[in-house]
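Reviewing the structure listed below.
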Amino acid sequence: MSLDSFARKIPKAELNLHLEGAVAAATVADLAKRNGVALPPFDSPAELYHFHDLPTFLVVYNLVCESIRTAADFQRATFEMLERCADSGARYVEFFFSPHAHLAHGVQYPTMLEGIVAGMRQAEKQYGVKSNVIPAHSRELGPEQGEVFLDMVLAHKIPEVIGIGLDYNEAPFPAAPFAKMYARAEAAGLKRTTHAGENGPASNIRDGIKLLHVNRIDHGYRVVDDPALMAECRELGIPFTCCPTATSYTPGWGDLTALDHPIRQMMDQGLHVTLHSDDPTMIPSTLAGEYLVVAEKFALSPDHVKKLALASLAATWLDDATKQAWAKEWSAEIDRLIESELP
Ligand SMILES: [Zn+2]
């Protein structure tokens, strides 16, 4: 009987989640030991995730990537991540992974896929949570490497690989140069999203929509700097996969109760906002926790929280018939939870 259990139990979709940012510290320690990867000294594995800025975050992130080597490692990381999603009430997950970070350590792309898909099947069997996967290109590697990335993805196309993403350091690496790669992905029937307007300007959001023809935008907070773009996004119904806890690390956005917090502005402006956990073991965050924190800090009504959960389903890349059927089920289930869980 609390907002906490309501936030946990409502059915929802997780759409901005990175496999390599979702490995438990104890699992990293275990895999690193098994694979002979040297980690910094620690008394307890949790200390691995004590970092204070982006450079130290990236050092740890790379060690996590280096520690995941075999198909069995990928299966374990994927299964444990989806297990936590299920515990947060996720019924469906579209998650990213970073092939280049593993290719760099000699792991072949088919090995990654084999383990990831095995973890997805295992989680669905055990918890009923369904999922698809989005290989993401590191924009830092540039558009030419992007073509190589896409060639690899298309050469090993499987139904679980539902689309492509673009991530890593946005500010120095704009979206526009990736237009050709995205056009090829579109022609090949892949869905498309890009991280944009997070630590880069609103123009990356506009270019993502106009030049990359994305189906949604990851983060996208800087849309609030450009009222015309905001109106256009509202008109088009472009989903924005927002990660509230992660924004608190962005200077100036630490206070979620601030009336000018970009996520609040985006919601007030009627944009298609959805909530997600990003790099949950590293931040740390949980999917249910993101709903709880927004419900509390923005003082949302239960109906508004319900709207957010259904917005996450609408933003998925599932087919329309599935979305419609699930929306009916989820809506009825959430109504029952509002009755039973909230005072
Ligand atoms: Zn992300």
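Listed here are the residues, each with its yes/no results for (1) away from the ligand (no atom under 16 Å from the Cβ); (2) at pLDDT 95 or above; (3) over 28 Å from F6 (Cβ atoms).
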residue	(1), (2), (3)
T70	yes, yes, yes
R76	yes, yes, yes
A90	no, yes, no
H100	no, yes, yes
Q108	yes, yes, yes
G115	yes, yes, yes
M120	yes, yes, no
G146	yes, yes, yes
L154	yes, yes, yes
If you go through region 243-265 one residue at a time, how many are touching a helix residue (DSSP H, G or I) at 6+ places or on another chain (Cβ under 7 Å) and away from the ligand (no atom under 16 Å from the Cβ)?
3
State whether one or more residues within region 237-253 are surrounded by fewer than 20 Cβ atoms within 10 Å (Cβ to Cβ) and farther than 21 Å from D279 by Cα.
yes
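Of the residues that sit in region 143-171 and are in a loop (DSSP other than H, G, I, E, B) and in contact with a helix residue (DSSP H, G or I) (Cβ under 8 Å, 6 or more places away or on another chain), which one is nearest to M266 (Cα to Cα)?
Just the residues of region 143-171 that are in a loop (DSSP other than H, G, I, E, B), to begin with: 156-160, 162, 168-171.
With in contact with a helix residue (DSSP H, G or I) (Cβ under 8 Å, 6 or more places away or on another chain) added as a condition, the list becomes 156, 158, 160, 168-170.
Details: H156: 38, I158: 35, E160: 31, Y168: 23, N169: 23, E170: 20 Å.
Here the residue is E170.
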Condition set more than 14 Å from the ligand (Cβ to nearest atom) and buried (at least 19 other Cβ atoms within 10 Å of the Cβ), scope region 216-236, selection nearest to L313 (Cα to Cα): answer is C233
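Using the structure shown, decide if K130 is basic (K, R), within 16 Å of the chain's Cα centre (by Cα) and not assigned by TED's automatic domain parsing to the domain that holds Y61. Give the derivation first.
Values: basic (K, R): yes; within 16 Å of the chain's Cα centre (by Cα): yes; not assigned by TED's automatic domain parsing to the domain that holds Y61: no.
Against the criterion (basic (K, R), within 16 Å of the chain's Cα centre (by Cα) and not assigned by TED's automatic domain parsing to the domain that holds Y61), K130 does not qualify.
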State all residues of region 176-208 that are within 16 Å of the ligand (Cβ to nearest atom) and among the small types (G, A, S); if no residue qualifies, say none.
A196, G197, G200, G208
Within region 45-62, take every residue that is outside any loop (DSSP other than H, G, I, E, B) and farther than 16 Å from V28 by Cα and give me the one that is modelled with the highest pLDDT.
T56
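Does G163 fit the bill of being crowded, with 17+ Cβ neighbours inside 10 Å, under 28 Å from K12 (Cβ atoms), modelled with pLDDT of 95 or more and in contact with a Ser or Thr (Cβ under 6 Å, 6 or more places away or on another chain)?
Values: crowded, with 17+ Cβ neighbours inside 10 Å: yes; under 28 Å from K12 (Cβ atoms): yes; modelled with pLDDT of 95 or more: yes; in contact with a Ser or Thr (Cβ under 6 Å, 6 or more places away or on another chain): no.
The answer is no for G163.
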Number of the exception - Y182 against (1) in contact with a strand residue (DSSP E or B) (Cβ under 6 Å, 6 or more places away or on another chain); (2) assigned by TED's automatic domain parsing to the domain that holds L63
(2)
For region 173-200, how many residues meet the condition of being assigned to a loop (DSSP other than H, G, I, E, B) and either closer than 23 Å to S248 by Cβ or among the β-branched types (V, I, T) (or both)?
4
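Let's see how each residue does on (1) surrounded by fewer than 18 Cβ atoms within 10 Å (Cβ to Cβ); (2) under 21 Å from the mean Cα position of the chain (by Cα); (3) closer than 28 Å to K307 by Cα:
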site: S2; (1), (2), (3): yes, no, yes
site: H18; (1), (2), (3): no, yes, yes
site: D53; (1), (2), (3): yes, yes, no
site: L58; (1), (2), (3): yes, yes, no
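The values are calculated or read from the model by the stated rules, or taken from the named source; none is laboratory data. Source: prediction; values computed, not measured. Don't worry about glycine lacking a Cβ; one is built from the backbone with ideal geometry, like all the others, and counts go over all protein chains shown.
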